[in-house]
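Comments concern the structure below.
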Amino acid sequence: MSLNRVSGRWGRIVAAGALALTLAGCGGGGSGAGGTTPPPAEATLTGLNITVGTVDLVNAPVVNFTVTTQAGAAFSDLVAADLRFNIAKWIPATDGSGGHWQNYINRANGGAVQGSQERLRAGYAFGTLANHGDGTYTYTFATDIKSATANVCPPPCTDAEGKALDTSYAPTLTHRVAIQQGNSAYPKASGIYDFVPAGGIAAQPDVVADATCNSCHSQLTAHGTRVDVRLCVTCHNRGSWVAGTDGPNVTVDLKAMVHRIHYNNGGLQLPSVIAGTPNTIGNHDFSDVVFTQDVRNCTRCHDGTAGASNFTPLGDFWKTTPSVAACGSCHDNVYFGTTPDATKPYQTIAHSGGVQGDDSRCALCHAAGRYTDAKDIAIAHNFPARMKAAAAKYQFNVISATATGVGQFPVVTFSVTDPTNGGAPYDITTAAGFTSAGASLGIKIAWSTTDFGNHASGANFGQPVSINALTTAVAGAAVGTYTVSSPVAVPAMLPNQAASLRVAMDGRVMGDLTTAGTFTDRLAVKSAFKDFAIAGNVAARRTVVEFAKCAVCHDRLSLHGGNRNNEPGVCVVCHNPNATDAARRPATAGVLTGGVDGKLEESIDFRTMIHAIHAGEAARGGFRETGITVYGFGGRAISFADVVFPGNLANCTACHSATSYQLGGQWVSIWSSGLLTTTTSSGAIADNAADDLKTTSTAAVCASCHDNATAKYHMMLNGGAFDQTLAVASTQIETCSVCHGVGRVYDVKTVHGVK
């Protein structure tokens with residue numbers, strides 16, 4: 001379901017919600033979560049499969065193919081305007097580069113050459129499509145690729161660097177026919193067929209799998225309808241580029257273009273961008289695109305491991321076959337000729353290995369296993385893996401908590417062990433990882449596990465009891481264990497709050513990866529937690545987000561200077577409904593004066609903040625009308641207004657565990673479940689909710705993405721409250737689950753189109 005369709009339903013949902021309230025009052029809403037009749041199913045066509053059967057190259061290529069639905073039924077509704085066709089050849093390496101695709105169908109565009117397709121559109125060639133009416137089709141190309149006079153390479157017939165292109169017919173090479181379904185009314189689909197015209201086994205030249213891209217991008221879609229990397233490379237190769245006007249020519253070779261687009265994170269950025277030259281392709285500026293993990297983690301996209309789910313035959317090319325084009329796409333301040341390119345003023349470093357006229361010598365120094373230093377690309381790019389391996393030698397363990405009753409001062413026992421060495425404990429008073437500058441180790445005690453609010457914790461703005469374990473811990477009864485005592489007694493729980501607390505353990509251990517013996521690297525050791533009873537049984541907190549899903553895009557989630565790592569269950573003890581960023585915001589004599597966003601403070605409730613960060617701005621494809629700014633440590637204002645979620649924002653399961661995104665369980669009866677309202681403005685009296693302004697629970701979550709006035713009005717119409725005192729907000733009864741609950745007419749799953 002498109003984002004527009006999701007947001008466009010608000011008008012109907014407002015009316016439906018009002019009607020549902022009336023019906024519910026009369027008993028018309030039925031009983032239980034499934035008491036209403038679900039809406040009629042939308043179009044049953046959810047997928048198309050294009051399968052190429054044969055390609056005849058006696059004259060112009062003739063392609064026979066079949067189109068079926070996701071259920072395998074024949075699909076005969078495609079017409080000529082729906083389809084695009086192209087054909088390319090794989091040219092094996094002669095200069096050490098590893099080989100490249102070259103499209104046979106090309107066009108001149110603005111002084112450059114670009115790979116193209118045959119399609120029924122002005123300015124393009126198109127052959128003959130025969131629809132046989134039974135799901136089978138035959139397409140005869142307009143381009144006779146076998147004839148040099150019929151298929152002339154458009155001038156200048158070079159790549160961006162001026163090297164001649166070879167578009168001649170080569171029957172002994174691997175060829176690829178690519179078919180693209182381009183009618184937006186139907187599911188996007190591609191048909192890819194590799195073959196050797198003269199006979200023989202086709203090469204397997206794929207470098208990146210679609211599934212790898214889609215793990216972050218949900219469904220990577222380019223130019224509106226292209227969804228298959230195997231199709232992309234038939235045009236996006238060294239034979240396609242954009243002519244420079246007041247700057248250099250820009251290649252759109254996939255290996256160079258995609259590297260450059262993603263090269264911005266982990267403290268790394270394109271040298272050209274740092275020097276003031278934007279990363280543009282035509283009218284598109286990719287300078288501010290942020291890769292969500294360390295850009296040196298090559299295996300995130302490339303995987304040549306046999307049997308791996310995202311394996312491709314050339315998945316290890318990144319480390320076995322280095323090239324000027326691939327390496328120079330990121331290290332673009334290096335020049336490989338005798339002098340820098342005059343159109344690239346950022347080229348300030350001569351290649352230390354001397355002039356490289358082609359790629360034939362690159363592997364001598366840079367291929368994996370050639371050297372034991374940073375010349376080896378696998379060593380130079382393995383810092384993320386080394387960091388992970390070093391962090392894996394430490395494990396935080398919350399062993400026990402005693403004296404956890406109301407009015408008591410909890411005593412926590414913990415340890416740090418090495419799981420790679422049989423669980424051997426560390427002495428945190430002598431081990432360099434803990435005694436070196438920058439090390440930290442904290443114990444936090446938070447309550448209650450149903451929804452953390454930490455009232456009477458002694459800390460402002462909903463924060464838990466926080467203990468510096470490195471300075472206060474004492475040796476425990478068992479070897480390698482330590483204890484700390486809470487300076488704050490456990491209070492009586494609020495009404496409807498389960499009597500349980502959580503002990504969280506976080507911090508950073510210092511490593512010596514950069515320089516042996518000098519412990520300056522912050523290791524992202526996974527934070528840990530354990531829940532304990534205040535009275536009676538421990539109340540298990542709902543599992544909302546799993547780190548494994550965060551890791552798909554982020555690899556490691558290391559925040560607050562490397563202190564909080566890879567554990568959402570620890571994040572929520574601070575990022576709770578009572579918490580705002582007021583402690584970091586500008587203030588005079590303790591009175592908040594407003595931030596750069598015009599707000600006195602911003603909620604840092606995890607369920608609202610994370611949604612708001614990922615939703616971005618509507619102008620950039622997100623849900624929110626405005627971005628979110630959060631003040632962090634040191635009073636630094638961090639704007640997330642430019643964040644663009646790379647996948648499908650409506651797909652809640654990209655982040656959520658199981659069905660935790662649905663309005664079931666605790667979310668059905670808000671006030672009996674112990675869920676807290678979200679603080680939007682804290683009052684003058686610290687740790688006193690009475691003078692804070694609050695937003696009711698479900699409204700806070702939904703409005704974190706759907707923040708426009710119409711959406712908020714709908715929520716208020718159905719019991720939600722925004723920016724009200726607790727006395728007012730606590731009288732509200734949110735009836736969101738009547739329409740949006742599990743199995744209801746507008747179940748969140750249905751509205752968001754979650755599969």
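Within the stretch 376-395, restricting attention to residues that are in contact with a Gly (Cβ under 8 Å, 6 or more places away or on another chain) and assigned to a loop (DSSP other than H, G, I, E, B), the residue that is least open to solvent (accessible area, probe 1.4 Å) is 376. When every residue of the stretch 677-685 is checked against the conditions, at least one turns out to be under 13 Å from residue 578 (Cβ atoms), without any contact (Cβ under 8 Å) to a residue 24 or more places away in the chain, touching an Asp or Glu at 6+ places or on another chain (Cβ under 7 Å) and among the small types (Gly, Ala, Ser). The set of residues from the stretch 266-281 being under 21 Å from residue 298 (Cβ atoms), open to solvent by 40 Å² or more (accessible area, probe 1.4 Å) and among the aliphatic types (A, V, I, L, M) comprises just one member, 268. Do we have residue 608 as out of contact with any Asp or Glu (no Cβ under 7 Å at 6 or more places or on another chain), in contact (Cβ under 8 Å) with a residue 12 or more places away in the chain and over 23 Å from residue 288 (Cα atoms) here? It is true that residue 608 is out of contact with any Asp or Glu (no Cβ under 7 Å at 6 or more places or on another chain), in contact (Cβ under 8 Å) with a residue 12 or more places away in the chain and over 23 Å from residue 288 (Cα atoms). For the stretch 427-437, the tally of residues that are touching a residue at least 60 places away in the same chain (Cβ under 8 Å) and surrounded by 14 or more Cβ atoms within 10 Å (Cβ to Cβ) stands at 4. Of all residues in the stretch 535-591, those satisfying the criterion of being out of contact with any Pro (no Cβ under 6 Å at 6 or more places or on another chain), in a helix (DSSP H, G or I) and within 14 Å of residue 449 (Cα to Cα) are 568, 569, 570, 571, 572, 574. Residues to consider are 411, 406; find the one that is surrounded by fewer than 22 Cβ atoms within 10 Å (Cβ to Cβ), modelled with pLDDT under 95 and within 30 Å of residue 535 (Cβ to Cβ). The unique qualifying residue is 406. Just one residue in the set 72, 32, 28, 53 is in a loop (DSSP other than H, G, I, E, B) and at pLDDT 95 or above; that residue is 72. Within the stretch 347-367, residues that are β-branched (Val, Ile, Thr) reach partners that are open to solvent by less than 70 Å² (accessible area, probe 1.4 Å) and outside any loop (DSSP other than H, G, I, E, B) with beta carbons closer than 6 Å, at six or more positions or on different chains, in the pairs 349/334. Of all the numbered requirements in (1) closer than 25 Å to residue 190 by Cβ; (2) open to solvent by 20 Å² or more (accessible area, probe 1.4 Å), residue 143 misses one, and that requirement is (2). Counting only helices (runs of 4 or more DSSP H) that sit wholly inside the stretch 686-755, those with at least 3 residues that are open to solvent by 50 Å² or more (accessible area, probe 1.4 Å) and either under 18 Å from residue 578 (Cβ atoms) or among the acidic types (Asp, Glu) (or both) are 726-729. Is it fair to say residue 598 is assigned to a loop (DSSP other than H, G, I, E, B) and open to solvent by 30 Å² or more (accessible area, probe 1.4 Å)? Criteria met by residue 598.
Of the residues making up the stretch 654-661, at least one is aliphatic (A, V, I, L, M) and either open to solvent by 30 Å² or more (accessible area, probe 1.4 Å) or free of Cβ contacts under 8 Å to residues at least 12 places away in the same chain (or both). Consider only pairs whose beta carbons are under 6 Å apart and that are at least six residues apart or on different chains; among these, list those whose first residue lies in the stretch 154-175 and is in contact (Cβ under 8 Å) with a residue 24 or more places away in the chain and within 23 Å of residue 206 (Cα to Cα) and whose second residue is open to solvent by less than 40 Å² (accessible area, probe 1.4 Å) and among the β-branched types (Val, Ile, Thr). Note: pairs meeting the criteria are 169/145; 174/196.
For the stretch 75-102, taking the residues that are more than 30 Å from residue 358 (Cβ to Cβ), in a loop (DSSP other than H, G, I, E, B) and of a type outside the set (A, V, I, L, M, F, W, C), the one that is least open to solvent (accessible area, probe 1.4 Å) is identified as 76.
The values are calculated or read from the model by the stated rules, or taken from the named source; none is laboratory data. Quantities reported herein were computed from a predicted structural model and do not represent experimental measurements. Glycine also receives a Cβ, built like all others from the backbone with ideal geometry; neighbour counts cover every protein chain displayed. Heavy atoms of the whole protein, side chains included, go into the accessibility calculation; ligands, DNA and RNA do not. Shrake-Rupley method; radii C 1.70, N 1.55, O 1.52, S 1.80 Å.
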